[in-house]
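My questions all concern the structure below.
The values are calculated or read from the model by the stated rules, or taken from the named source; none is laboratory data. Treat the numbers as computed from the prediction; the structure is a model and nothing was measured. Positions of Cβ are backbone-derived with ideal geometry, glycine not excepted, and every protein chain shown enters the neighbour counts. The area values use the complete protein model at the heavy-atom level, side chains included, leaving out ligands, DNA and RNA. Shrake-Rupley method; radii C 1.70, N 1.55, O 1.52, S 1.80 Å.
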Amino acid sequence: MISKEEIAEKYKEIQDEITQALEALDGKARFEEELWERDGGGGGRTRVIQHGNILEKGGVNFSAVHGKLPEQIKKAFGVDEDEFFATGVSIVIHPNNPWVPIIHMNIRYFELNENIRWFGGGIDLTPHYVDEDDARYFHGELKKVCDQYSEAFYPKFKEWADNYFFIKHRDETRGIGGIFYDKLTPEKAGVSDQEIFDFSCDLGHLFPKVYSELVNRSRNKQFTEAEKNWQLLRRGRYVEFNLVYDAGTKFGLETNGRIESILMSLPEQANWFYNFQTEADSKEERTLSLLKKGINWV
């Protein structure tokens with residue numbers, strides 16, 4: 001099995017690959033990098049891009065942290081060990097155009113000892129307006145990567161994403177889902193540790209290809225003030241999920257993570273209009289009808 005140091009180094013390379021691709025995609029803005037150290041052990045590289053041609057705000061973060069596992073996390077994991085190591089890349093991109101979707105990706109590795117180690121991650125898409133052709137393309141590309149390792153991956157991880165990225169208090173999914181997996185081991189996956197790691201890297205390599213395609217399909221579309229307001233409402237839903245349900249946010253806060261990096265996922269601006277209602281037969285109503293679990297996009 002590849003070592004934790006080698007995993008971290010590869011994830012750093014993926015961070016470099018993705019930030020370079022996103023800068024080329026935007027054509028204007030550049031990432032600002034901040035190196036940070038975590039009290040207790042380890043650190044990371046926070047890279048944020050803002051006010052670009054298309055990328056209003058986004059982050060591509062790398063971290064590799066270690067130290068004592070807090071008691072509440074030990075209880076949640078059902079373990080007695082104290083020393084942990086975690087590394088990963090986390091991405092959220094908020095575009096300025098309502099016709100371009102929000103995207104999130106996360107690949108991560110966690111270990112306590114030789115017997116307790118796992119991978120997690122996934123990619124999901126949150127369109128402000130659901131374009132069914134885009135949804136089919138996005139899910140089709142994810143399925144291709146999954147099928148290289150196991151034909152069981154895509155249906156299992158797609159269902160996992162539908163259930164995970166669900167805003168219970170709104171009774172709607174955060175977007176059109178994607179794939180999600182957590183605490184994945186060879187026993188659960190039916191493939192080796194090395195293959196799970198390779199799978200996570202392939203998702204990292206897929207990210208710039210897929211998002212560049214989706215951005216370029218819609219980046220030049222015109223939009224109205226009403227459509228912009230709808231975008232800000234949908235961003236509000238994104239904020240609600242990340243602050244109420246997101247496991248990565250909770251883990252970061254509970255392990256004394258760096259607040260600016262943890263909350264990088266939040267947009268620069270979001271709105272909450274009181275009791276907003278969509279008009280009948282509108283594209284907004286159509287989008288809400290597609291924010292449901294179990295839609296087969298491929």
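Just give me the residues in region 80-99 being under 19 Å from R38 (Cβ atoms) and under 20 Å from the mean Cα position of the chain (by Cα), in sequence order. Full working, then the answer.
Step one: of region 80-99, the residues under 19 Å from R38 (Cβ atoms) are 81-90.
Within region 80-99, A86, T87, G88, V89, S90 meet the criteria.
Could you please find all residues in region 22-48 being hydrophobic (A, V, I, L, M, F, W, C), open to solvent by 30 Å² or more (accessible area, probe 1.4 Å) and in a helix (DSSP H, G or I)?
A24, the sole residue that qualifies.
If we scan region 211-227, do we find a residue that is surrounded by 19 or more Cβ atoms within 10 Å (Cβ to Cβ) and free of Cβ contacts under 8 Å to residues at least 12 places away in the same chain?
no
In addition: Going through Y181, Y154 one at a time, which residue ends up being open to solvent by less than 30 Å² (accessible area, probe 1.4 Å), farther than 25 Å from Q277 by Cβ, aromatic (F, W, Y) and out of contact with any Cys (no Cβ under 7 Å at 6 or more places or on another chain)? Full working, then the answer.
Numbers: Y154 fails: out of contact with any Cys (no Cβ under 7 Å at 6 or more places or on another chain).
Step by step, each of Y181, Y154 is checked, and only Y181 is open to solvent by less than 30 Å² (accessible area, probe 1.4 Å), farther than 25 Å from Q277 by Cβ, aromatic (F, W, Y) and out of contact with any Cys (no Cβ under 7 Å at 6 or more places or on another chain).
Can I ask one more? Restricting attention to region 89-107, and to residues there that are open to solvent by 10 Å² or more (accessible area, probe 1.4 Å) and touching a residue at least 60 places away in the same chain (Cβ under 8 Å), which single residue is nearest to L203 (Cα to Cα)? Show your work before the answer.
First, pick out the residues of region 89-107 that are open to solvent by 10 Å² or more (accessible area, probe 1.4 Å): 90, 96, 99, 104, 106.
Among the residues that remain, those that are also touching a residue at least 60 places away in the same chain (Cβ under 8 Å) are: 90, 99, 104, 106.
Details: S90: 12, W99: 24, H104: 12, N106: 9 Å.
Top of the filtered list is N106.
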